[in-house]
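In what follows, a structure is listed as structure tokens, so that the remarks can point back to it.
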Amino acid sequence: MGEQLLGLVTGIIFGLLLQKGRVLRFDKQVAAMRFKDMTILKFMMSAILVGMVGVYALSDLGVITLNHKAMNLGGVVIGGLLFGAGWAVMGYCPGTSVGAVAEGRWHAIFAVAGMIIGAALYAEAYPLLLNTVLAWKDFGKISLPESLHISHWVVIPVFCAGTLGLFAWFEKKQL
Amino acid sequence: MKWRTEDGAWNPYFAGALVGVLAIASVLATTAWTPKTMFLGASTTFVRAAGMLENTVAPEHVAANAYYTKEKVKFDWQFLFVTGIFIGALVSSLTSGSFKLESVPPTWEARFGKSIGKRALGAVAGGAVAMFGARLADGCPSGHGLSGLMQLSLSGFVAMAMFFGAGMLVARFFYKES
């Protein structure tokens, strides 16, 4: 029960911030893909920068354990491309779709329905994919610094500087 | 750059940074109070929702399915997290006057007209393809994007490049200026 309550409270705060940042909008998501309005990228990359410093500091202190998703070549590349293509047409990602319905953009209910159908289809296709696409090559649960054999405290400042440069460019171009 | 725009929206850098703080707090809280550390994510919940719906008509089929067995069809932390997104967005939009009933989004209408049927078809088909892809990739812009890049996961970098690469390409042709 504690686990569910914690998830609910975290979700409520997340939903509130998504709504305040205006990233739940179909038009904002599609505009980012068309390089017309980078609101969702500004929002997302800001969260990543702050989170990255905190999460790595806590991990180095031994307070938390990082949990990487496996770099399965076929899965991440083909799955990622399929996701991107569907995302452009649907105009929402899984997390924002439910928030969009809550904002009154009720047509997002079709996106939610489509995603439940997609999940059901994946469950049926899973055994076949496990022996084909997912069996090609798996680099395992690894981070970028680990794969480059350098300290994460070298990668983090570089990543932060690059992202801040990107933000400066967005503001200059008024994206 | 403004902290708030005329319509009451928060600066996206500021709201995003607060999500970063929330992500750190959530990782700490789940490490302390639940059996395992939880990073933010959303797409597995759609698998559980599909399993729950199928359970009402064919429970044996769900029980025999390898993927449902792997992901466990239950109301877990993430299911309630996604439910929370709905509640948070509802409260935030209703209290700020930004709640608005909309049947077709403006960008879509400019390209494909007012037809709700067309929008529904696009959303259902796009949604199905996107979720199939997200499960194959084992994550969406929350799991691979926010949580993956935050941890500098190799898979996060590759996934985000694929998400945005394919998204930009398809959006470019799909919504081309008429």
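Only residues that are among the polar types (S, T, N, Q) and more than 18 Å from the chain's Cα centre (by Cα) were counted in region A:138-175, giving 3. For A:Gly104, the stated conditions do not hold, so it cannot be described as touching a residue at least 40 places away in the same chain (Cβ under 8 Å), within 27 Å of B:Ala89 (Cα to Cα) and in contact with a helix residue (DSSP H, G or I) (Cβ under 8 Å, 6 or more places away or on another chain). Only a single item in (1) hydrophobic (A, V, I, L, M, F, W, C); (2) at pLDDT 95 or above; (3) open to solvent by 20 Å² or more (accessible area, probe 1.4 Å) is not met by A:Phe35, and it is number (2).
Within the span defined as region B:151-167, every residue fails to be of a type in the set (Phe, Trp, Tyr), at the interface with chain A (Cβ under 7 Å from one of its Cβ atoms), surrounded by 22 or more Cβ atoms within 10 Å (Cβ to Cβ) and under 15 Å from A:Ala119 (Cβ atoms).
You will find that of A:Gly2, A:Gly21, the residue that is open to solvent by less than 10 Å² (accessible area, probe 1.4 Å) and either aliphatic (A, V, I, L, M) or at the interface with chain B (Cβ under 7 Å from one of its Cβ atoms) (or both) is A:Gly21 and no other.
The set of residues in region A:38-52 that are open to solvent by less than 20 Å² (accessible area, probe 1.4 Å) and more than 7 Å from chain B (Cβ to nearest Cβ) comprises A:Met38, A:Ile40. Within region B:56-90, the set of residues being part of a helix (DSSP H, G or I), more than 7 Å from chain A (Cβ to nearest Cβ) and open to solvent by 70 Å² or more (accessible area, probe 1.4 Å) comprises B:Glu60, B:His61, B:Ala63, B:Ala64, B:Thr69, B:Lys70. Of all residues in region A:129-143, those satisfying the criterion of being more than 7 Å from chain B (Cβ to nearest Cβ) and part of a loop (DSSP other than H, G, I, E, B) are A:Thr132, A:Trp136, A:Lys137, A:Gly140, A:Lys141.
Each row is one residue, and each column tells you yes or no for (1) more than 7 Å from every other protein chain (Cβ to nearest Cβ); (2) closer than 19 Å to A:Gly84 by Cβ.
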{"residue": "A:Gly99", "(1), (2)": "no, no"}
{"residue": "A:Ala108", "(1), (2)": "yes, yes"}
{"residue": "A:Gly114", "(1), (2)": "no, yes"}
{"residue": "A:Pro127", "(1), (2)": "no, no"}
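All told, B:Arg135 falls short of being modelled with pLDDT under 95 and assigned to a helix (DSSP H, G or I). Suppose the filter is in contact (Cβ under 8 Å) with a residue 60 or more places away in the chain, out of contact with any Phe, Trp or Tyr (no Cβ under 8 Å at 6 or more places or on another chain) and at the interface with another protein chain (Cβ under 7 Å from one of its Cβ atoms); does B:Gly139 pass it? Considered against the rule, which asks whether it is in contact (Cβ under 8 Å) with a residue 60 or more places away in the chain, out of contact with any Phe, Trp or Tyr (no Cβ under 8 Å at 6 or more places or on another chain) and at the interface with another protein chain (Cβ under 7 Å from one of its Cβ atoms), B:Gly139 comes out as yes. The one condition from (1) under 26 Å from A:Ser59 (Cβ atoms); (2) of a type outside the set (Gly, Ala, Ser); (3) over 13 Å from the mean Cα position of the chain (by Cα) that B:His144 does not meet is (3). Scanning region A:73-97 for residues that are open to solvent by 20 Å² or more (accessible area, probe 1.4 Å) and more than 7 Å from chain B (Cβ to nearest Cβ) yields one hit, A:Leu73.
Count of region B:94-111 residues, restricted to those that are at negative phi, open to solvent by 50 Å² or more (accessible area, probe 1.4 Å) and not hydroxyl-bearing (Ser, Thr, Tyr), is 8.
Residue selection: A:Ala108 fails the criterion of being farther than 26 Å from B:Ala171 by Cβ and either at pLDDT 95 or above or touching a Lys or Arg at 6+ places or on another chain (Cβ under 8 Å) (or both).
The values are calculated or read from the model by the stated rules, or taken from the named source; none is laboratory data. Because the structure is a prediction, the values reported are computed rather than measured. All Cβ positions, glycine included, derive from the backbone under ideal geometry; neighbour counts span all protein chains shown. SASA here: full protein model, heavy atoms, side chains in, ligands and nucleic acids out. Shrake-Rupley method; radii C 1.70, N 1.55, O 1.52, S 1.80 Å.
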